[in-house]
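Undergrad: Take this structure first; my questions come after.
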Amino acid sequence: MIDQILNFVRPPDDADQKTLKRWHWNVALMLIGGFVFAVWSWTPFGYARAQEVEKKIAAAVEPIQQQVAAVDGKVEKIAADLTYTKELLIRKLTVELEREILEAKRRQCKAQTIDTVEYFRKQVIEKLDDYRSLTKREYDVPGCAEV
């Protein structure tokens, strides 16, 4: 393959007039072809230049980036609203659980039978577990004298 290309480019050894003329034409056509290829590569139909492609990509991506930024802002706003709602709900549930614990403790202290005392003691323990899982802290239950 390379041998054929070199034979095409170098002048023939037995240089008679006809083969020398053909060799001149071969070299001239190869030079013209190379020049046309070089010019074509600089036209808009030729090879893509990195600078131009980069500009086109940046122009195409810019609206998408703006949309993503807008969505990101909305998501952050919703996340802040959800955080506030969650905190509010936890506060309300905490207050409700504290009230239920005190009510169960009050009923335990006023109970007449051992079975009733045991029932309300279990309710206090269950509500304390719920309180601990909700707030991640302990609730100090007052004694019967304080209720």
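Undergrad: Please work out if Glu76 is among the acidic types (Asp, Glu), out of contact with any strand residue (DSSP E or B) (no Cβ under 6 Å at 6 or more places or on another chain) and closer than 30 Å to Leu128 by Cβ. So that I can check it myself, show each step before the final result.
TA: On the way: among the acidic types (Asp, Glu): yes; out of contact with any strand residue (DSSP E or B) (no Cβ under 6 Å at 6 or more places or on another chain): yes; closer than 30 Å to Leu128 by Cβ: no.
Considered against the rule, which asks whether it is among the acidic types (Asp, Glu), out of contact with any strand residue (DSSP E or B) (no Cβ under 6 Å at 6 or more places or on another chain) and closer than 30 Å to Leu128 by Cβ, Glu76 comes out as no.
Undergrad: Tell me which residues, restricted to segment 103-141, are surrounded by 13 or more Cβ atoms within 10 Å (Cβ to Cβ), within 50 Å of the chain's Cα centre (by Cα) and part of a loop (DSSP other than H, G, I, E, B).
TA: Tyr139, Val141
Undergrad: Just to be sure, is Ile90 β-branched (Val, Ile, Thr), closer than 16 Å to Asp130 by Cα and assigned by TED's automatic domain parsing to the domain that holds Gln123? Write out each step before concluding.
TA: Details: β-branched (Val, Ile, Thr): yes; closer than 16 Å to Asp130 by Cα: yes; assigned by TED's automatic domain parsing to the domain that holds Gln123: yes.
Considered against the rule, which asks whether it is β-branched (Val, Ile, Thr), closer than 16 Å to Asp130 by Cα and assigned by TED's automatic domain parsing to the domain that holds Gln123, Ile90 comes out as yes.
Undergrad: Can you tell me which of (1) surrounded by 10 or more Cβ atoms within 10 Å (Cβ to Cβ); (2) touching a helix residue (DSSP H, G or I) at 6+ places or on another chain (Cβ under 9 Å) is the one Lys86 doesn't meet?
TA: (2)
Undergrad: Exactly one of (1) part of a helix (DSSP H, G or I); (2) more than 34 Å from the chain's Cα centre (by Cα) is unmet by Ala59. Its number?
TA: Evaluating Ala59 over (1) part of a helix (DSSP H, G or I); (2) more than 34 Å from the chain's Cα centre (by Cα) leaves (2) as the failure.
The values are calculated or read from the model by the stated rules, or taken from the named source; none is laboratory data. These numbers were taken from a predicted model, which means no experiment stands behind them. Glycine gets a Cβ as well: all are built from the backbone with ideal geometry, and neighbour counts include every protein chain shown.
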